[in-house]
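Heads up, the thing below is written out as structure tokens.
The values are calculated or read from the model by the stated rules, or taken from the named source; none is laboratory data. Owing to the predicted nature of the structure, the values given are computational and were not obtained by experimental measurement. In this analysis, Cβ positions are derived from the backbone assuming ideal geometry, glycine residues included, and neighbour counts consider all displayed protein chains. Surface areas here come from the heavy atoms of the whole protein model, side chains and all, with no ligands, DNA or RNA. Shrake-Rupley method; radii C 1.70, N 1.55, O 1.52, S 1.80 Å.
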Amino acid sequence: MNDTTDSLAQLHVRNATPRDVSAIRALFVRAYAGSGVSSYSAAMLRGQINKFPEGQFVAEYQDDDGGRLIGFCSSFLVSGDIALKPHGWNWITGSGYASRHDPEGDYLYGMEVCVDPEYRGLRIGQRLYDERKKLVQSQALKGIIYGGRLPTLDSALTREEGAYESPQAYVDAVVEGRERDPVLTFQLRNDFQVIGLMPGYWPEDKQSRGYGVHLLWRNPHAPDEEEEARAKHYGGRLMDTVRVATVQYQQRRVKSFDEFLDMLRYFVDVTSDYRADFCVFPELFSLQLLSMEDQELSPAEAIEALTRYTDPIKEALREMAMRYNINIIGGSHPTKMPNGRVENICYICLRDGEVHEQAKIHPTPNEVYWWNIEGGHELAAVNTDCGPIGVLICYDAEFPELARYLVDQGANIIFVPFCTDERQSYLRVRYCGQARAVENQCYVVLSGNCGNLPNVANMDIQYAQSCILTPCDFPFARDGIAADTTPNVETVAFADLGLKALREARNSGTVQNLKDRRHDLYTTIWRER
């Protein structure tokens, strides 16, 4: 273990935040070295933190050399009706995203605990378990359930002398004190009881031969049913209502960059006056700047011209977001990257001054033909003061895996800036947006262009009917449409989106698409670069 005798050294246990994701991944690699267990992806960790931030803890060691994250545990709420039955890790955790988190769950499910091997003498595991128990008692839960590892099981079954005849025999020996297991023995000392052995719980855990020990800790202070109903207080982190404004923006010729910004500022000002939390602009709305040219530019010339405006557009949107106290989903802007690639990027400007970028993953054939646009490689939920959101630019909304990936990361609202030239193209985006809202039990906001831009390649005509879509269930609008616009008319549509209604639908709705996924059969895996 590292020298921890420095009198200035400090050890803190706190809730994890999205800023800890990289450090948690590095810790996981150190903790599971040689086990064959793969690390969590950044998206999985974001999903865990976004869905239930109160249940994610990190231990941070600080000394003269700086801070180092040396422990992590992840938890979510679950119904005992589900977790007390035999199950697999992928199924119960939603393939690592904590997708089965139930705000009305009566048990805490322990998804992960890992500790830096160089700091295991500091009782980090004990500290993390203590935090879990405090959380259970503060939220009046019945207890903690999870599947524990057996990291010495494989060696206990294959050693030359005294090998056990079965995994159950090994577990029995540990419970009776005749054998010591570094994980199970620790859990038994923490008053957990074994309620079973689950084969195939985590197949990639070769040291445990895929087995998990089904463990339960009962809260000795658990209230009766009447007290429990009074004590629960879930969901306080998120606002109850988010007001969204989608701008159906008319493309018209402009004479200067300042005139273009004046138009944007007008809509930001209007939506801010209506106290909207988000103002959404359409895909490729910045191509309006090419109308200042006297003649139609070649594709290469158009991209070079637009690239000159990239930084000024970002800075202008950031300044508007802060000045007008509104989060801006900045449509999209074809951007030449430092390595020469051209990507179609949405700039997400939050009212606290942060700027995030989301590239279009799937460029359309027209984008490839006209501007040689290439697809991006990353897709991440963005944390805002209204909860996590995601952005899928136009064509991306037609690929269901992407929306599911964002929702697994905690996104409640998916914004879809789009640009379509005629009705069939528009309806592909519209119908897919509605499908994404239903299958992910989330809100989907579409924002498109109308009008025309002569002498601007691929922007001759526009068709749009911007809208704000909901799941189809009793808490929402009858037809799954919270707001709609008149086609091809410059306008703004508003809607108040209830996050509490969304949580209720996901956990107790007529259908529960997220809960009912067969994680034992299929999942979405993002291949990180």
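Extension gain for residue 33-residue 339 works out to 106.7 nm (0.36 nm per residue, less the C-alpha to C-alpha distance). Evaluated with a Cβ-only charge set (Lys, Arg +1; Asp, Glu -1), the range 347-455 carries a dipole of roughly 360 debye about its Cα centre, given to the nearest 20. Taking all protein chains together, 486, 271, 152 sort by accessible area into 486, 152, 271, largest first [probe 1.4 Å].
For the range 135-160, list residues with backbone N below 20 Å from a point placed 7 Å from the Cα of residue 14 toward its Cβ? Those under the cut-off are 135. Around the amide H of residue 357, modelled in the peptide plane, lie the amide H atoms of 348, all under 5 Å away and 5 or more residues distant in sequence or on another chain. In the range 401-529, the portion of solvent-accessible area held by carbon and sulfur atoms comes to 50 percent [1.4 Å probe, whole percent, DNA, RNA and ligands not counted]. Shown is the FRET efficiency for residue 322 and residue 496, computed with R0 = 22 Å from the Cβ-Cβ distance and rounded to the nearest 0.05: 0.40. Specify whether the C-alpha gyration tensor of the range 289-400 places it in the rounded, prolate or oblate class, a ≥ b ≥ c being the square roots of the eigenvalues: rounded for a/c under 1.5, otherwise prolate if a/b is larger than b/c and oblate if not. Since a/c reaches 1.5 but b/c is at least a/b, the shape of the range 289-400 is classed as oblate. Note on residue 300 and residue 352: their simple-model spin labels are 4.4 nm apart, each label 7 Å out from Cα toward Cβ. Pairs from the table (314/515; 85/360; 133/360; 85/134; 255/360) lying more than 31 angstrom apart at Cα are 314/515; 85/360; 133/360. If both residues of a DSSP beta bridge must be in the chain, then about 75% of such bridges are antiparallel. For the range 24-114, the fraction of 1.4 Å probe accessible surface lying on carbon and sulfur atoms is 49 percent. Each residue of the range 19-30 was assigned a 3J(HN,Hα) from its phi angle through the Karplus curve 6.51 cos²θ - 1.76 cosθ + 1.60 (θ = phi - 60°); the sequence is 5, 8, 4, 4, 5, 5, 4, 5, 4, 4, 4, 5 Hz, with glycine and proline shown as x. Considering only alpha-carbon pairs that sit under 8 angstrom and 6 or more positions apart, the relative contact order computed for the chain is 13 percent. Taking θ as phi - 60° and the Karplus parameters 6.51, -1.76 and 1.60, the scalar couplings of the range 296-303 work out to 5, 8, 5, x, 5, 5, 4, 5 Hz in sequence order, x denoting glycine and proline.
Fraction of C-alpha pairs exceeding 34 angstrom in the chain: 44 percent, rounded to a whole number.
Around the amide H of residue 463, modelled in the peptide plane, lie the amide H atoms of 420, 421, 422, all under 5 Å away and 5 or more residues distant in sequence or on another chain. Of all DSSP beta bridges confined to the range 394-506, the antiparallel ones make up roughly 55%. Heavy atoms of the protein chains alone define the surface here; on that basis the chain has 43 Å² accessible area per residue at 1.4 Å probe size. Calculated over the range 293-353, the projected area of the Cα convex hull averaged across directions stands at 4.8 nm².
When peptides 57-69, 161-173, 240-252, 210-222 are ranked by their average number of other Cβ atoms within 10 Å per residue, the highest-first order is 240-252, 210-222, 57-69, 161-173. When the charge dipole of the range 104-226 is built from unit charges on Cβ atoms (+1 for Lys and Arg, -1 for Asp and Glu) and taken about the Cα centre, the candidate among 197, 111, 187 whose Cα reaches farthest toward its positive end is 187. For the range 241-328, the carbon plus sulfur part of the accessible surface works out to 44%, probe radius 1.4 Å.
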